[in-house]
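This report concerns only the one structure given below.
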Amino acid sequence: MCEKYLKGIYPITPNKYTSDTNFIDDCLRVINTNINVFQFRPKLLSYVRRNRITDLLYKECQKNEVKLILNDFEDEVIKYDDVGIHIGFDVCRVRNIRNKLGEDRIIGISCYDSLDNARYCEKNKVSYVSFGSMYRTNNKVDYSLCDKNIIKKARESLDIPICVIGGINLDNIGEQVILKPDMIALIDGIFLQIDPIGTLDILLNKFTNEEI
């Protein structure tokens with residue numbers, strides 16, 4: 001079952017970076033920690049670079065029993081046996097994507113701050129939904145802040161895993177752990193830190209050991 005992977009700290013790669021070599025090295029080191037799932041978000045990369053890096057990350061994830069999620073590009077996801085996908089909420093895509101990708105593929109959907117979107121996703125058999133932005137973020141231009149009460153209501157009304165995202169870091173992750181989401185996603189909170197792996201180790205401990 002895929003649900004066993006949909007819990008814990010959920011690292012997501014940044015859109016911008018200065019060096020493929022350093023970026024890949026950081027990704028491989030992150031995959032070699034105690035995470036369950038990892039998202040590659042290659043929105044600004046060419047087809048050739050995107051596929052080269054996806055191949056490398058997929059092989060490393062396979063070795064470490066980590067589920068690789070590709071942000072968008074569903075036609076590329078189907079090249080691999082068990083790579084999942086994450087997309088933004090769109091009624092037509094949500095309705096059709098499960099039939100296109102099959103029953104066993106992890107499918108995640110951004111629901112922003114909408115419980116109605118999340119319920120629609122659950123009805124259409126997605127694997128998990130994400131809510132955010134929980135705080136101010138530099139990774140999206142247009143976003144709305146998600147009230148913490150939305151997460152509480154989602155936990156009460158949904159039977160699929162819930163993820164929170166947006167501006168989360170070491171300083172505020174405790175506020176998110178208290179909400180008891182299944183996953184907490186971080187981008188800059190991991191990859192833009194001086195020591196991404198050391199930071200990730202602390203985040204993993206906070207998720208596991210925070211008193212809630």
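The values are calculated or read from the model by the stated rules, or taken from the named source; none is laboratory data. Everything numeric here is computed off the predicted structure, so don't read it as measured data. Heads up, the Cβs are rebuilt from the backbone with ideal geometry, glycines too, and the neighbour counts pull from every protein chain shown.
Restricting to segment 1-31, name every residue that is over 14 Å from the mean Cα position of the chain (by Cα) and either outside any helix (DSSP H, G or I) or among the charged types (D, E, K, R) (or both).
If the condition is that a residue be over 14 Å from the mean Cα position of the chain (by Cα) and either outside any helix (DSSP H, G or I) or among the charged types (D, E, K, R) (or both), then M1, K4, K16, Y17, T18, S19, D20, D25, D26, R29 are the ones that fit.
Would you point out which residue out of R136, R155 is under 20 Å from Y112 (Cβ atoms) and either in a loop (DSSP other than H, G, I, E, B) or of a type in the set (D, E) (or both)? Steps first, please.
Values: R155 fails: either in a loop (DSSP other than H, G, I, E, B) or of a type in the set (D, E) (or both).
From the options R136, R155, the qualifying one is R136.
Any idea which of K16, K63, K59, K43 is basic (K, R) and in contact with a Leu (Cβ under 8 Å, 6 or more places away or on another chain)?
Working: K63 fails: in contact with a Leu (Cβ under 8 Å, 6 or more places away or on another chain); K59 fails: in contact with a Leu (Cβ under 8 Å, 6 or more places away or on another chain); K43 fails: in contact with a Leu (Cβ under 8 Å, 6 or more places away or on another chain).
So the residue among K16, K63, K59, K43 that is basic (K, R) and in contact with a Leu (Cβ under 8 Å, 6 or more places away or on another chain) is K16.
From (1) of a type in the set (S, T, N, Q); (2) modelled with pLDDT of 95 or more; (3) touching a helix residue (DSSP H, G or I) at 6+ places or on another chain (Cβ under 8 Å); (4) closer than 25 Å to E74 by Cα, pick out the condition that doesn't hold for N139.
So N139 meets the others, but not (2).
Considering only segment 190-212, state which residues are within 15 Å of N139 (Cβ to Cβ), over 13 Å from the mean Cα position of the chain (by Cα) and in a helix (DSSP H, G or I).
Step one: of segment 190-212, the residues within 15 Å of N139 (Cβ to Cβ) are 190-193.
After this cut, where a residue has to be over 13 Å from the mean Cα position of the chain (by Cα) as well, the list is 191-193.
The answer is F191, and nothing else.
Where residues in segment 158-184 are in a loop (DSSP other than H, G, I, E, B) and over 15 Å from the mean Cα position of the chain (by Cα), which of them is surrounded by the most Cβ atoms within 10 Å (Cβ to Cβ)? Reasoning before the result, please.
First, pick out the residues of segment 158-184 that are in a loop (DSSP other than H, G, I, E, B): 158-161, 165-172, 178-182.
With the extra rule that they be over 15 Å from the mean Cα position of the chain (by Cα), the set shrinks to 158-159, 170-172, 178-180.
Values: L158: 17, D159: 5, L170: 14, D171: 9, N172: 13, I178: 14, L179: 19, K180: 11.
For segment 158-184, the residue satisfying everything is L179.
Do we find that G84 is touching a His at 6+ places or on another chain (Cβ under 6 Å) and either modelled with pLDDT under 95 or closer than 30 Å to D55 by Cβ (or both) in this structure?
Here the answer is no, as G84 does not meet what is asked.
Looking at segment 45-55, which of its residues are part of a helix (DSSP H, G or I) and surrounded by 16 or more Cβ atoms within 10 Å (Cβ to Cβ)?
Start the filter on segment 45-55 by keeping residues that are part of a helix (DSSP H, G or I), which leaves 47-55.
Answer for segment 45-55, where residues must be part of a helix (DSSP H, G or I) and surrounded by 16 or more Cβ atoms within 10 Å (Cβ to Cβ): R50, I53, T54.
Among (1) in contact with a helix residue (DSSP H, G or I) (Cβ under 7 Å, 6 or more places away or on another chain); (2) farther than 24 Å from D188 by Cα; (3) touching a residue at least 24 places away in the same chain (Cβ under 8 Å); (4) surrounded by fewer than 18 Cβ atoms within 10 Å (Cβ to Cβ), where does I78 come up short?
It is condition (3) that I78 fails.
Identify all residues within segment 85-124 that are among the aliphatic types (A, V, I, L, M) and either within 19 Å of I151 (Cα to Cα) or without any contact (Cβ under 8 Å) to a residue 12 or more places away in the chain (or both); write none if there are none. Quick ask: steps written out before the conclusion?
Going through segment 85-124, the residues among the aliphatic types (A, V, I, L, M) turn out to be 85, 87, 91, 94, 97, 101, 106-107, 109, 115, 118.
Answer for segment 85-124, where residues must be among the aliphatic types (A, V, I, L, M) and either within 19 Å of I151 (Cα to Cα) or without any contact (Cβ under 8 Å) to a residue 12 or more places away in the chain (or both): I109, L115, A118.
Among the small types (G, A, S) and without any contact (Cβ under 8 Å) to a residue 24 or more places away in the chain: does that describe G189? Show your work before the answer.
Working: among the small types (G, A, S): yes; without any contact (Cβ under 8 Å) to a residue 24 or more places away in the chain: yes.
It is true that G189 is among the small types (G, A, S) and without any contact (Cβ under 8 Å) to a residue 24 or more places away in the chain.
Of all the residues that make up segment 108-125, how many are under 18 Å from K43 (Cα atoms) and either charged (D, E, K, R) or touching a helix residue (DSSP H, G or I) at 6+ places or on another chain (Cβ under 6 Å) (or both)? Spell out how you get there, then give the answer.
The initial filter retains those residues of segment 108-125 that are under 18 Å from K43 (Cα atoms), namely 108-110.
If we keep only those that are either charged (D, E, K, R) or touching a helix residue (DSSP H, G or I) at 6+ places or on another chain (Cβ under 6 Å) (or both) too, we end up with 109.
The qualifying residues number 1.
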